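**Student:** Structure below; questions to follow.
Just so you know, all these numbers are worked out from the coordinates, no wet-lab data involved. Because the structure is a prediction, the values reported are computed rather than measured. We place every Cβ from the backbone using ideal geometry, glycine too, and count neighbours over all the protein chains shown.
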Amino acid sequence: MSTNLRRERHSVTDLKIHLVCVTKYRKPIFTARSLALIEKSFSEVAEKMNFKVQEFNGEADHVHVLIEYPPKLSVSQMVNALKGVSSRRYGQEGFKKPLEKEALWSPSYFASSCGCASLEVLKKYIQNQLKPS
């Protein structure tokens, strides 16, 4: 297990997701400067909502983010906040959105849970628990 566990009043967790967000119509509009703005926006949202952006990177038409979060937040809550704030700030900085539309992001996203052990290791661990007689 990871030694960086999130300890709260009634829980100890290690919840992480790999999030991928793509631009509207998958248009290649990001530059190094605009990706830096999006990364800064994501970090500010994370601080306000009490989760952590552990890694961030992107290409011209999408971003990848590794997020560690508390159990009280849902993935959809975090994604809505991240996309909403970053889209607004992106427009405020004068960057052009895909096809001059109001939306920066596609409404869809990819999220995958990340953990320390593979599913096979976890299955074997659970199967090998001692049952009471």
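**Student:** Where does the charge balance sit around residue 37 when Lys and Arg score +1, Asp and Glu -1, over other residues with C-beta under 15 Å from its C-beta?
**Tutor:** Cβ neighbours under 15 Å give a net charge of +4.
**Student:** Which of 35, 122, 15 moves most in a GNM of the chain, Cα contacts under 10 Å?
**Tutor:** 122
**Student:** Also: Hey, got the dipole for the stretch 6-127? About the Cα centre, +1 on K and R Cβ, -1 on D and E Cβ, debye to the nearest 20?
**Tutor:** 220
**Student:** Cross-link partners among lysines for residue 72, C-alpha distance below 20 Å, same-chain residues fewer than 8 apart left out?
**Tutor:** Reachable lysines: 16, 48, 52, 83.
**Student:** While we're looking at this one, here's another question. So which GluC sites (Glu not before Pro) in the stretch 44-133 pass both tests, a DSSP loop state and at most 12 other Cβ atoms within 10 Å of the Cβ?
**Tutor:** Those satisfying the criteria are 59, 93, 102.
**Student:** What number comes out for the charge environment of residue 71, summing +1 per Lys or Arg and -1 per Asp or Glu over other residues with Cβ under 10 Å away?
**Tutor:** Residues near residue 71 contribute +1 overall.
**Student:** While we're looking at this one, here's another question. Before rounding to the nearest 500, sum -39500 (n - 2.57) across all DSSP H runs of length at least 4 in the chain and divide by the residue total; then give [θ] at 222 nm in deg cm²/dmol. Can you show the working numbers first?
**Tutor:** Numbers: 3 runs with 45 residues, N = 133.
It comes out at -11000 deg cm²/dmol, rounded to the nearest 500.
**Student:** For residue 96, give me every one of the aspartates and glutamates with a C-alpha distance below 18 angstrom, ignoring sequence neighbours fewer than eight places off in its own chain.
**Tutor:** Filter leaves 39, 59, 61.
**Student:** Which helices pass in the chain if a helix is a full DSSP H run, must span at least 20 angstrom along its long axis by Cα, and must have mean Kyte-Doolittle hydropathy not below -0.5?
**Tutor:** 32-49, 75-92
**Student:** Further question: So what is the relative contact order for the chain, in percent, with contacts set as C-alpha pairs under 8 Å and at least six apart?
**Tutor:** 35 percent.
**Student:** For the chain, just the Cα atoms, rotate onto the principal axes and tell me the three extents in Å, largest first.
**Tutor:** If we take the Cα atoms of the chain, the spans are 67, 30, 22 Å.
**Student:** Towards the positive end of the charge dipole of the stretch 1-118, with charges on Cβ (+1 Lys, Arg; -1 Asp, Glu), say which of 38, 103, 17 has the farthest Cα.
**Tutor:** 103
**Student:** Counting only other residues whose beta carbon sits under 11 Å from that of residue 50, what net charge do I get with K and R as +1, D and E as -1?
**Tutor:** Charge balance near residue 50 sits at +1.
**Student:** In debye, nearest 20: dipole of the stretch 6-71 around its Cα centre with unit charges on the Cβ of K, R (+) and D, E (-)?
**Tutor:** 160
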